[in-house]
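The numbers here are math on the coordinates, done by the rules we state, and not lab data. Computed from a predicted model, the values in this text were never measured in an experiment. Neighbour counts are summed over all protein chains in view; Cβ atoms, including those assigned to glycine, are modelled from backbone coordinates with ideal geometry.
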Amino acid sequence: MKPTVAPFPAARLRRTRQSPAVRGLVRENTLTPDDLIWPVFVRDGEGIEEPVVSMPGVVRRSVDKIAEAAVEAQALGIPAICLFPYTDPSLKTEDCAEAWNPDNLCNRAIRAIKRAAPDIAVMTDVALDPYNINGHDGYVVDGEIVNDATVDALVKMTLAQADAGADIIGPSDMMDGRIGAMRTALETAGHHNVMILSYAAKYASAFYGPFRDAVGASGALKGDKKTYQMDPANSDEALRLIERDLNEGTDMVMVKPGMPYLDICRRVKDTFGVPTFAYQVSGEYAMIQAAAQNDWIDGEKTMLESLMCFKRAGCDGVLTYFAPRVAALLNG
Ligand code: PBG
C-alpha cells in the first residue's frame with residue numbers, strides 16, 4: 001500500500017505533530033516494561049555487587065543479590081531476566097564440565113530467582129564460553145571449533161538449566177543443529193513447556209567487548225569467533241539462519257547486536273512474523289553511558305529513543321542492560 005499525500009497546502013504533514021496530544025494520537029509504536037528482558041551478571045560469594053568497569057551502572061551480583069534484583073524487576077513489571085555467570089577461572093576446563101553441573105552458579109541463581117520472584121521468567125545463555133579454557137563457545141580441537149561434539153555438551157547444559165527451573169533457554173553459541181537437538185532432549189525429558197529463544201542471527205561483533213570483561217572471558221579468548229558467528233556484511237544469510245532455527249523448533253528468535261542491525265530485525269519480522277527480539281549489547285550500552293557521563297548526549301533520552309527504535313524496527317522486545325532504569329521511568 002502506497003501512502004497518499006494531498007498537494008500542499010491541503011496536506012500539511014506538520015498538523016499531526018503540533019502538540020503532545022496529537023502526537024500521542026498518531027504514534028505508531030509504544031515502549032512498555034513488557035518489552036524488556038534484563039541481562040544480569042552472576043558471581044560467587046554473598047552480599048556482593050561489584051561494578052563492571054566497562055559498563056557504567058552494571059554490576060556483577062552474588063546469588064543472594066540476584067534474587068533481590070529479580071524481586072525488584074518483578075515489581076517493575078519486567079517480564080524476564082537473563083543470567084550470565086562470571087565463572088571462577090579455576091573452574092574453566094577443556095571439557096567445560098562445569099557448564100552442566102547442577103549446582104553451578106547459573107543453576108543456583110535460577111533456583112534462587114524461582115524462590116524469590118516466581119512470576120518472572122528466567123532465561124539462560126547456552127554456550128561454552130564461560131566454562132571454556134579457550135574462551136570459545138564451542139570445543140576447540142586442533143584450532144578448530146568443532147560443531148557436533150559441542151552440540152552434545154550444549155544439550156547437557158540445556159537439560160541442567162531446565163531441571164533447575166529455567167523458563168527460556170537462550171542458545172548463543174551459533175553451532176549448527178543445536179536447536180533441534182535441544183528441543184528433542186527437552187521433550188524427551190518432559191520439559192515440554194521450556195521455551196527456546198534462539199540467538200539465530202548472531203554476528204561476530206566488536207560490540208561484545210565489555211561483556212567479555214563482565215564474564216571474565218576476554219583474557220581467555222584466543223582468536224575470534226568468525227567461523228561460527230555471522231559476517232556483519234551479510235543479510236540474506238540471517239534469514240536462512242532464522243528459518244532453519246524455526247524449522248528446528250525455536251519458539252522465538254533474536255538478532256544480535258541490536259542498533260547497527262535494525263535492518264535485519266525488520267526483514268526478520270516482515271518475512272516470518274514470529275516473536276522477534278534484539279539484544280542491545282554491552283558495547284551499545286557502554287557507548288551511550290560513556291557519552292552521557294561526559295554530557296555529550298542526554299543519557300535518559302538516548303536510552304528511551306534507542307529502545308523505541310527497536311519497536312519501530314519490528315521487535316517484540318529487547319534485551320537491555322537499561323531494563324530496570326527504563327522500566328522505572330516508564331512506570332513514572
Ligand atoms: C556468549 C555471549 C556473548 C554475548 C552474549 N552471550 C559474547 C560473545 O559471543 O562473545 C554478548 C552480550 C553483550 O555483549 O552484551 N556466548
Task: Extension gain (nm, one decimal) between THR4 and ALA204, 0.36 nm per residue minus Cα-Cα - done: 67.9 nm
Task: Extension gain from LEU25 to ILE133, taking 0.36 nm per residue of separation minus the Cα-Cα distance - done: 33.4 nm
Task: In order through segment 206-214: 3J(HN,Hα) via Karplus (6.51 cos²θ - 1.76 cosθ + 1.60), integer Hz, x for Gly, Pro - done: 6, 6, 8, x, x, 4, 5, 5, 4
- [ ] Sort 289-300, 246-257, 187-198, 132-143 for me by packing, meaning the mean count of neighbouring Cβ atoms within 10 Å per residue, highest on top.
- [x] 246-257, 132-143, 187-198, 289-300
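In the chain, what % of DSSP beta bridges are antiparallel (nearest 5)? The partial results should precede the final answer.
Numbers: 5 of 38 bridges.
Here the share of antiparallel DSSP bridges comes out near 15 percent.
Where in the chain is the longest stretch that carries no trypsin sites (Lys or Arg not before Pro) classed as loop by DSSP and with at most 16 other Cβ atoms within 10 Å? Walk me through the intermediate numbers first.
Working: sites that count: ARG12, ARG27, LYS222, LYS226.
Of all site-free stretches, the longest is 28-221.
Report, in cubic angstrom per residue, the convex hull volume of the C-alpha atoms of segment 235-287. Before the final figure, lay out the partial values.
On the way: hull volume 3.7 nm³, N = 53.
Per-residue hull volume (Cα only) is 71 Å³.
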TODO: Collect residues whose amide H, placed 1.01 Å from N in the peptide plane, falls under 5 Å from the amide H of SER218; neighbours closer than 5 in sequence don't count.
DONE: ASP213
TODO: Could you let me know the centre-to-centre spacing of segment 65-98 and segment 293-332, using Cα atoms, in angstrom?
DONE: 22 Å
Open item on the list: If you average the alpha carbon positions of segment 1-50 and of segment 143-205, how far apart do those two centres end up, in angstrom?
Closed with: 33 Å
Open item on the list: Placing +1 on the Cβ of each Lys and Arg and -1 on the Cβ of each Asp and Glu in the chain, which of LEU36, PHE310, GLY24 has its Cα farthest towards the positive end of the resulting dipole?
Closed with: GLY24
Open item on the list: Starting from 0.36 nm per residue, how many nanometres of slack lie between ASP298 and ILE48 once their C-alpha separation is accounted for?
Closed with: 87.0 nm
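When all alpha-carbon pairs of the chain are counted, what percent fall beyond 35 Å? Intermediate results must be reported in sequence, preceding the final value.
Values: 11091 of 54946 pairs.
That tail contains 20 percent of the Cα-Cα pairs.
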